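Peer 1: Sharing a structure here in structure tokens format.
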Amino acid sequence: MTGVGVEAGAQAARARALAVLRMRSRALAVAMLPAAVAVILLAGAAGDRLGGPVWDAARWVLTPVAVLVLLAAAGIALVVARARPAMSPTVPVAEEAAPDLYRMVRDLADRLDVPAPSAIALTPDCDSWLEDRTHPAHAPPPAEEHHDIAGAGRQAHRRHPVAPVLVIGSPFLWWMRVGELRAVLAPVIAGTGPSAHPDIAAARRFVRGLDAAVAVASAPRRDPVSRAVLAGVGWVARLLLRSCRGHAAEMERGVAAAAAERAQAVDYGLRIVAQEQVGLAYAGWDRLLTRVALPAWRMGRWPSRLDAGVVAALTELSRRDRLAEGFASRLGERPACDLLEEPGAVDEAASLLAARLFHGGPAGPGPDWSPVDWSAYPEEVVDRKWRLDAARLHRVLDAMGVRPVTGTTATVAPTLSRVLDHLTDTGPAWTAGDAGATGPAVDPAVRRPDTAPPEAPGAPTGTTGTTGAPDQLDDEDLSGTTAPSATLAARLSAELAREEAAPSPATPSPASPPPTPDPAALWDDRALPLFPLQPPRTARELLADHLTAMVCCAAMDTAGATPGLDWLDGPTLLIEGERTADLAPRVLTLIEDGDAAPLRVWLSQLGIRPEKPVRLG
């Protein structure tokens, strides 16, 4: 039954590929039709068969039209053939850097009776796929032909389509065991079989070329002539894409079905267990990026061992939730990252790529974009983040002219008491519709989060970064908070927006010309970040973060607390080595109800003195 299913899926994919190629042939026939009619008219005139004023007029009209149509068709075909298809940003892995991994992939391809992938690359995501990079813009130089692990020589390279590149999610290599990775990659590698069919390869090249031509036509141009020409190219490419879209989708479904059927006989039982680890890896990877990596990225630091961190995060998740029995015995098996010669170097490259894709920033380390090890993360990221937030909070209070209401000192010291006194409820709560009435005066420099413009590369993800004349904050951002909290939250948002709008060495100013993309790169750096992790933070969330940071600074300076790293929740406060998990609800009570009593009781129990000055960043 497996062989029948494989053949059925392959036949369906080939039939759809032929349908796509027929669309291409029809487009070529339409382009050649005026030229064919013009040739008939000219031949008739040469043989004195189509004479007279009517035929002469037809020849004079159709001949130039045919020439123009041929020139336009040739131009469109040239754009489709030479346009650069979009490629996934990846970290290439040479065979010298991972001989065991290449050997495993080659053995798996031999067992599946399919061509081996032409190369292996890693992606900083929890996914794996095959990617065709045989377009002329991505063709490797002749010196790199010996890296083809399929073992084909130059003549075979010309006769048969080049196998696609195998892209593997880097978290899989660190979290999965060798057998689990093999089971997960079996259906993916099986897809190289249908990819080697000439009709399917030609149909894919045609569809990718049309998609790339649409992207070229959509790029902004200053020259009106080029804009008009490319507009026509884009219209034709979109028309052809709409015509063959359904057939292309069915072709890919047939390829996937054939690959899945072919892989049924390889490690089927282990694949069921491995799929559970895929879901677990995705959950841990998402938590690690949003809770741990994002705070570091926002301050110009990028964790250099993200893949090693996901192992720690998933280990902690399994320990807390007891997700699987025999967890310790599973970790005793050989991890897939052992298939790499230098796992640390590969992890660092994948971590930098993850920072660029999900956040933006320079391509390499620099003064404002430096790596950080996990051992230094609490001191260099957590402590610095809290003190920078606390300093921003007190700058806003200084600008508002806020002074502590307790004590007799006239000086305005950076103390936690100053913040608690200001946020204690002394007026009506801020509700939707209070703007312009009894509510606080919202700073006009604050933009509504849902109307924030796209962030510039290198700007902190998840916050507004705008100048100009923005709107006021959405009422829902501050609904249910007290008037002092709403005012302070709006001012904090405005202050943060001004800081992010200021140019930095890592972020080019708007007046500077955009960087020229590297022709050898696989993606356009000007489009980074490609996958921002989080939407803009609301004003209430910003206020909660800053108030929590101030409490943590007071705890470190007056009670001997230390910054820590929780693999699942990110920055955390450690008191006598124990993680504090009950601070957030007390902070929210103060912001929403203006009641500082629960927080003050919590501070007193832990020996934190809010009246003492703290060191700011």
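The values are calculated or read from the model by the stated rules, or taken from the named source; none is laboratory data. Keep in mind it's a predicted model, so treat the numbers as computed, not measured. All Cβ positions, glycine included, derive from the backbone under ideal geometry; neighbour counts span all protein chains shown. All accessible areas refer to the heavy atoms of the entire protein, side chains included, with ligands and DNA or RNA removed. Shrake-Rupley method; radii C 1.70, N 1.55, O 1.52, S 1.80 Å.
Quick grid of which residues meet (1) modelled with pLDDT of 90 or more; (2) surrounded by 19 or more Cβ atoms within 10 Å (Cβ to Cβ); (3) under 19 Å from residue 491 (Cα atoms); (4) hydrophobic (A, V, I, L, M, F, W, C):
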{"position": "338", "(1), (2), (3), (4)": "yes, no, no, no"}
{"position": "342", "(1), (2), (3), (4)": "yes, no, no, no"}
{"position": "363", "(1), (2), (3), (4)": "no, no, no, yes"}
{"position": "372", "(1), (2), (3), (4)": "yes, no, no, yes"}
{"position": "407", "(1), (2), (3), (4)": "no, no, no, no"}
{"position": "411", "(1), (2), (3), (4)": "no, no, no, no"}
{"position": "414", "(1), (2), (3), (4)": "no, yes, yes, no"}
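Peer 1: So residue 220 passes all but one of these: (1) over 30 Å from residue 117 (Cα atoms); (2) in contact with a helix residue (DSSP H, G or I) (Cβ under 7 Å, 6 or more places away or on another chain); (3) of a type outside the set (Lys, Arg). Which condition number does it fail?
Peer 2: So the condition that residue 220 fails would be (2).
Peer 1: Still on this structure: Which of the residues belonging to the range 72-83 are in contact (Cβ under 8 Å) with a residue 24 or more places away in the chain and either among the polar types (S, T, N, Q) or surrounded by fewer than 18 Cβ atoms within 10 Å (Cβ to Cβ) (or both)?
Peer 2: 72, 75, 81, 82
Peer 1: Please go through the range 563-582 and give me each residue that is open to solvent by less than 60 Å² (accessible area, probe 1.4 Å), free of Cβ contacts under 8 Å to residues at least 40 places away in the same chain and of a type in the set (A, V, I, L, M, F, W, C), ordered by number.
Peer 2: 573, 574, 575
Peer 1: Consider residue 86 carefully, then state whether it is open to solvent by 30 Å² or more (accessible area, probe 1.4 Å), under 24 Å from residue 235 (Cα atoms), among the hydrophobic types (A, V, I, L, M, F, W, C) and outside any helix (DSSP H, G or I).
Peer 2: When the stated conditions are applied, residue 86 passes them.
Peer 1: Having 1 or more residues that are closer than 18 Å to residue 249 by Cα and under 24 Å from the mean Cα position of the chain (by Cα) is the bar; report the helices (runs of 4 or more DSSP H) wholly within the range 170-217 that clear it. Break it down into steps so the answer makes sense when it comes.
Peer 2: Details: elements: 170-175, 178-190, 192-195.
Those helices (runs of 4 or more DSSP H) span 178-190.
Peer 1: Something else about it: With the condition kept exactly as written, say whether any residue in the range 231-252 is under 17 Å from residue 9 (Cβ atoms), of a type in the set (Lys, Arg) and surrounded by 13 or more Cβ atoms within 10 Å (Cβ to Cβ).
Peer 2: no
Peer 1: Give the residue, chosen from 432, 399, that is in a loop (DSSP other than H, G, I, E, B), small (Gly, Ala, Ser) and either at pLDDT below 90 or in contact with a Phe, Trp or Tyr (Cβ under 6 Å, 6 or more places away or on another chain) (or both).
Peer 2: 432
Peer 1: How do the pairs read when you match residues in the range 583-597 that are in contact (Cβ under 8 Å) with a residue 24 or more places away in the chain with residues anywhere that are open to solvent by 60 Å² or more (accessible area, probe 1.4 Å), using Cβ under 6 Å and keeping only pairs 6 or more apart or on different chains?
Peer 2: Partner pairs satisfying both residue conditions: 594/425.
Peer 1: May I pose another question? What is the residue count in the range 584-613 for residues that are touching a strand residue (DSSP E or B) at 6+ places or on another chain (Cβ under 7 Å) and either open to solvent by less than 20 Å² (accessible area, probe 1.4 Å) or within 17 Å of residue 418 (Cα to Cα) (or both)?
Peer 2: Qualifying residue count, the range 584-613: 6.
Peer 1: In addition: In the range 279-299, what count of residues is obtained for those that are open to solvent by 10 Å² or more (accessible area, probe 1.4 Å) and farther than 14 Å from residue 567 by Cβ?
Peer 2: 4
Peer 1: Could you tell me which residue of the range 189-212 is modelled with the highest pLDDT, considering only residues that are among the β-branched types (Val, Ile, Thr) and open to solvent by less than 30 Å² (accessible area, probe 1.4 Å)?
Peer 2: Step by step, filter the range 189-212, then rank; the result is 189.
Peer 1: In the set 49, 59, which member is of a type in the set (Lys, Arg) and surrounded by 15 or more Cβ atoms within 10 Å (Cβ to Cβ)?
Peer 2: 59
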